[in-house]
1. Pop the C-beta distance of Asn50 and Glu467 into the FRET formula with R0 = 35 Å and round what comes out to the nearest 0.05.
2. Mind checking which lysines have their Cα closer than 23 Å to the Cα of Lys11? Skip sequence neighbours fewer than 8 apart in that chain.
3. Can you work out the FRET efficiency for the pair Arg349 and Gln398, with r the C-beta to C-beta distance and R0 = 45 Å, to the nearest 0.05?
4. State to the nearest 20 debye the size of the charge dipole of the chain about its Cα centre, where the only charges are +1 on K and R beta carbons and -1 on D and E beta carbons.
5. Leaving out ligands and nucleic acids, and using a 1.4 Å probe, what accessible area per residue does the chain come to in Å²?
6. Kindly express, to the nearest 10 degrees and within the range 0 to 90, the angle between helix 296-306's C-alpha long axis and the longest C-alpha principal axis of the chain.
7. Assuming R0 = 41 Å, can you tell me the calculated FRET efficiency for the pair Arg95 and Val483, based on Cβ-Cβ distance, to the nearest 0.05?
8. Expected output is a single nm value to one decimal: the length gained when fully extending between Arg407 and Glu16, i.e. 0.36 nm times separation in residues minus the C-alpha distance. What is it?
Amino acid sequence: MLDAEFFNDSKMLEIEKGAKELTIPIIKDNRKIVATTNGGLKHPSPLVFNSEWKHEEIHDDVNRFNYPSVSGVTRPENEEDIAFMTILELGHLIRTKKISSEELVGIFLKRIKRYNPVLEAVITITEDLAYKQAKQADQLLAQGVDLGPLHGIPYGLKDIIAVPEYKTTWGSTTFKDQVLDIEAWVYKRLKSAGAVLVGKLVTGSLAYDDIWFGGRTRNPWNIEEFTTGSSAGPAACTSAGMVPFAIGSETAGSITYPSARCGVTALRPTFGAVGRTGVLSLSESLDKLGPLCRSAVDCAIVLDVIRGKDPDDLSSRKIFLDDPFSVDITKLTVGYIEDAEMEVVDVLRSKGVKMVPFTLNYTVESVQGILNFTMDVDMLAHFDTWQRSGQDDEFEAQDQWPTELRRARVIPAVDYIQSQRARGKLIQEVKEGFTVDAFVGNVTDWEKVCVGNLVGMPVMVVPVGFEKIKDPPTNATRRRSTVTTGIYAPPDHDHIALALTMAYQSVTDHHKQRPPIDNLGPDDAIPNPPKALIPPRILKG
């Protein structure tokens, strides 16, 4: 059993006797202590993963980025044009009194109520809180108090992030009425920066895929297509102009995949860069929070606000980042691998970056298995009560977490530890092989998703164009499939990935395109029910 056929019958009986007398009582005692609360919100493991490659004197992170100045921005007559403005542009309108934060809230709430019945991307509209925070933001500015670039800017949170007095459903039937009296650390950071929460956005059930208790979230660029998950709501809402930016999370692909499908610019930051107190935990050594935005500039602004040491998250730390707006990209050597989008390579080369062919070499062959072991065992530890009480029978997709976590129940502790030792070997090999400042490559390749998350490296999701959809309903449809690539950097070098993406986006406009949710094209209509497009991978986090 469990690859232990070398035990003879007498040894098996001895093991069974020892398990009954010693092992099981210890397991039951531990379970009473730490396994009574679902979600991993209490009792984090002290076995903390640190993604840092250089162990030097700890820097303080109080030095914030120097954002580019914006001037001469006029208020558009069309509310849709306002909805697709950047953070800096919206901030300029607020500060020059061309629009108020309360007016912005009204515009974005109107869009949420208009498009959500089709996209199924918002779980809870936080309307009362939004108007209260917007009013406070406007009053502070009237008093001469400016809290920074997010002052008065609406946004959305993935619904695994706790906000007091509002439901935090985790997208799950089991927890759809759950209200957590916790103020998540990332919400505190955004609130202190003057940002205005307008909605709790869809997460796939228990941060798995894009299926939740209210339906399945759709891609604004192709309404028949689902977003993938599990940051389905943040990706769809940002893409559709329902929020200027959103906070998502990733354990294994949950920022990169939906962002790529919905054509938004996003950052999966260095592991530990953003605190996770008050957030549903799948795996303490893999979970990350990051921004989904209009552009890399917006990503840099949001990261600058939410990064830093969370005193209640053992894995978070003060990560010293250079100012991405001051990086001299002409001094960088950037690799490109076989599956890189060459337009990005050519544009960066034209901007003075030294571009070289690159291969990320490592000998560990079980990368995907290591990630599965790590995530599934950690997840089951957080949802032991859920499984034991039979609540997994209510799960929205029975072939997902229920099946996976039943398998995790019989992963031997020794083999879990061996997988972590193999992970350590992978990290060392990737570190030694990362001979460039960054590299360009496919952002949704599953092997790279697994490697990046196991190592803790940051990656930018970069929109680079569009393709025709397969089997279009008419030749005149405006639906498109988005084309994206990734810009990967070593841990603690998020500023490099941000700077390179900003350089690319400074001369291209793929990230500025708007999905055709109001006008699909002649003889093309929103399907009812939508035709499912099964994603190639099921993403978590």
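The values are calculated or read from the model by the stated rules, or taken from the named source; none is laboratory data. Treat the numbers as computed from the prediction; the structure is a model and nothing was measured. Cβ placement follows ideal geometry from the backbone for every residue including glycine, while neighbour counts extend to all protein chains displayed. Note: accessible area is taken over every heavy atom of the protein model, side chains too, but ligands, DNA and RNA are not part of it. Shrake-Rupley method; radii C 1.70, N 1.55, O 1.52, S 1.80 Å.
1. Values: r = 40 Å, r/R0 = 1.14.
Calculated value: 0.30.
2. Lys20
3. That gives a FRET efficiency of 0.35.
4. Working: 60 positive and 73 negative charges, 157 e Å.
For this selection, approximately 760 debye.
5. Details: 22490 Å² over 541 residues.
Each residue of the chain exposes 42 Å² on average to a 1.4 Å probe.
6. 60
7. Working: r = 36 Å, r/R0 = 0.88.
Computed FRET efficiency for Arg95 and Val483 comes out at 0.70.
8. Details: separation 391, 0.36 × 391 = 140.76 nm, distance 2.05 nm.
Between Arg407 and Glu16, full extension yields an extra 138.7 nm.
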